[in-house]
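*Asks:* Supplied in structure tokens, the structure appears directly below.
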Amino acid sequence: MPGEVHRTPAPPASREVRAFAPGRVNLIGEHTDYNDGLALPFAIAEGVFVHARESQSPTPGIRAYASDLGEHDEFSVAQVAHAPGWRAFVRGVAAELHAAGVPLPDVELEIHGEVRRGAGLSSSAALEIALALALLELADAKLDYRTLAALCSRVENLWVGARTGLLDQLASLFGQPREALLIDFSSLAIEPIPLELADGWRMVTLDSGEPHSLAQSGYNERRAECAQACELLGVASLREIEQADGAATPALARLPATLARRVRHVLDENTRVLATVAALHRGDLARVGGLLDESHASLRDNYECSTPAVEATVRRLRKAGAAGARMTGGGFGGSVLALLPPGTQPPSGAHEVRPSPGARLLAV
Ligand code: GLA
């Protein structure tokens, strides 16, 4: 008919979601997670954003774009090959979700991160968790958070080659403003511990400038040493070793000196976590600072995972008047956390951190 307007029906709008997952700072409890021990991390405000959209392309599969790097990736979920760098995380998360029976749609992903990679503030876990939340939402699937943390940790272990534990993923998923999380890795119980500094106290991180890569550093070696100590002592995990009132635990005498030092660190670090919780409950921040210093000394001397750049960073923070300073995360580079009393000026480049909300979906 003349004048009739022909309209082609609009294609169905493709669904899209946005997810955010934060990095973390570990207040104390380092290298304890894979030893069934205790840690006290909190989520920070910075993290990774993933925008996921059902794909309209005729070619099936997942297409990903890392906007900060200007790099692309493309793969089919049914046949994922290993790849290095950021692609290992994307491919690993998709492959592990697929293996867990999550029906992944064809999807386009855009990734943007605010946590500097290699700064020891868990940009990796933030990336894994944000990807997983976005993909699960598009697949209309759910996984409980502990299962999801384990799945993402498998990505680190099998796709990235870092034999990490669950610390970073649990902190990113369960983070809450004004609270640190007391995590018991033997049961995965999580207890919120109020951590709201007042009266001019602050926490800051300062990057040592030495990027750390857990897959390439001594991290895996330390983990293997702990496993070897367990084998020699006939225990399933270092948590089973009885602590003899702070005195040298008798079991340690049966170990070669290096392994004994590694175990010493882990046992004392668990004790320091509980002492930190008690000091926070009392509002004794000076004592918290002292415990941060003790933790750092043990990581440096017993666990031997510090570096000259990390030591120089600790010195800068102490010189600025920190009540305590310690490397945070796996070590071998990365960032140093410091607790600053009222009236101190953080050194240039330091960045204030405070407990922030955990991973979540955002409005598109
Ligand atoms: C890294 C790992 C964690 C944990 C810490 C050390 O952040 O990813 O699993 O082992 O190092 O406490």
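The values are calculated or read from the model by the stated rules, or taken from the named source; none is laboratory data. This structure is a prediction, so every number in the text was calculated from the model and none was measured. Every residue, glycine among them, receives a Cβ derived from its backbone with ideal geometry; neighbour counts consider all protein chains shown. Areas reflect the complete protein model, heavy atoms only, side chains present, ligands, DNA and RNA absent. Shrake-Rupley method; radii C 1.70, N 1.55, O 1.52, S 1.80 Å.
*Asks:* Evaluate the following for ILE28: is it assigned to a loop (DSSP other than H, G, I, E, B) and either open to solvent by 40 Å² or more (accessible area, probe 1.4 Å) or within 16 Å of the ligand (Cβ to nearest atom) (or both)?
*Replies:* Values: assigned to a loop (DSSP other than H, G, I, E, B): yes; either open to solvent by 40 Å² or more (accessible area, probe 1.4 Å) or within 16 Å of the ligand (Cβ to nearest atom) (or both): yes.
For ILE28, the condition - assigned to a loop (DSSP other than H, G, I, E, B) and either open to solvent by 40 Å² or more (accessible area, probe 1.4 Å) or within 16 Å of the ligand (Cβ to nearest atom) (or both) - is met.
*Asks:* Quick check on LEU361: is it open to solvent by less than 40 Å² (accessible area, probe 1.4 Å) and more than 16 Å from the ligand (Cβ to nearest atom)?
*Replies:* Values: open to solvent by less than 40 Å² (accessible area, probe 1.4 Å): no; more than 16 Å from the ligand (Cβ to nearest atom): yes.
Criteria not met by LEU361.
*Asks:* Ok, one more. List the pairs whose first member sits in the range 119-148 and is free of Cβ contacts under 8 Å to residues at least 40 places away in the same chain, whose second member is part of a loop (DSSP other than H, G, I, E, B) and of a type in the set (Lys, Arg), and whose Cβ atoms are under 7 Å apart, counting only residues at least 6 apart or on separate chains?
*Replies:* From residues that are free of Cβ contacts under 8 Å to residues at least 40 places away in the same chain, the pairs are LEU136/LYS142.
*Asks:* Has the range 79-94 got any residue that is open to solvent by 30 Å² or more (accessible area, probe 1.4 Å) and of a type in the set (S, T, N, Q)?
*Replies:* yes
*Asks:* Test each condition in (1) within 16 Å of the ligand (Cβ to nearest atom); (2) surrounded by fewer than 21 Cβ atoms within 10 Å (Cβ to Cβ); (3) within 27 Å of THR313 (Cβ to Cβ) for GLY120 and report the one that comes out false.
*Replies:* The single condition GLY120 does not satisfy is (2).
*Asks:* On the basis of being more than 16 Å from the ligand (Cβ to nearest atom), closer than 28 Å to LEU148 by Cβ and among the hydroxyl-bearing types (Ser, Thr, Tyr), does SER335 make the cut? If you could, list the steps in order and put the result at the bottom.
*Replies:* Details: more than 16 Å from the ligand (Cβ to nearest atom): no; closer than 28 Å to LEU148 by Cβ: yes; among the hydroxyl-bearing types (Ser, Thr, Tyr): yes.
No; evaluated as a whole, the condition is false for this residue.
Table: residues versus (1) under 21 Å from VAL115 (Cβ atoms); (2) within 14 Å of the ligand (Cβ to nearest atom); (3) under 19 Å from the mean Cα position of the chain (by Cα).
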position: LEU255; (1), (2), (3): no, no, no
position: ARG262; (1), (2), (3): no, yes, no
position: HIS265; (1), (2), (3): no, yes, no
position: GLU269; (1), (2), (3): no, yes, yes
position: CYS305; (1), (2), (3): yes, yes, yes
position: THR313; (1), (2), (3): yes, no, no
position: ARG318; (1), (2), (3): no, no, no
position: PRO346; (1), (2), (3): yes, no, no
position: VAL353; (1), (2), (3): yes, no, yes
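*Asks:* Looking at this structure, is SER172 within 16 Å of the ligand (Cβ to nearest atom), in contact with a strand residue (DSSP E or B) (Cβ under 8 Å, 6 or more places away or on another chain) and of a type in the set (Ser, Thr, Tyr)? Show your work before the answer.
*Replies:* Numbers: within 16 Å of the ligand (Cβ to nearest atom): yes; in contact with a strand residue (DSSP E or B) (Cβ under 8 Å, 6 or more places away or on another chain): yes; of a type in the set (Ser, Thr, Tyr): yes.
Yes: the conditions hold for SER172.
*Asks:* Any idea which of (1) within 16 Å of the ligand (Cβ to nearest atom); (2) touching an Asp or Glu at 6+ places or on another chain (Cβ under 6 Å) is the one ASN35 doesn't satisfy?
*Replies:* The failed condition is (2).
*Asks:* Does ARG326 qualify as being part of a strand (DSSP E or B), in contact (Cβ under 8 Å) with a residue 60 or more places away in the chain, crowded, with 19+ Cβ neighbours inside 10 Å and charged (D, E, K, R)?
*Replies:* On the way: part of a strand (DSSP E or B): yes; in contact (Cβ under 8 Å) with a residue 60 or more places away in the chain: yes; crowded, with 19+ Cβ neighbours inside 10 Å: yes; charged (D, E, K, R): yes.
Spelling it out, ARG326 is indeed part of a strand (DSSP E or B), in contact (Cβ under 8 Å) with a residue 60 or more places away in the chain, crowded, with 19+ Cβ neighbours inside 10 Å and charged (D, E, K, R).
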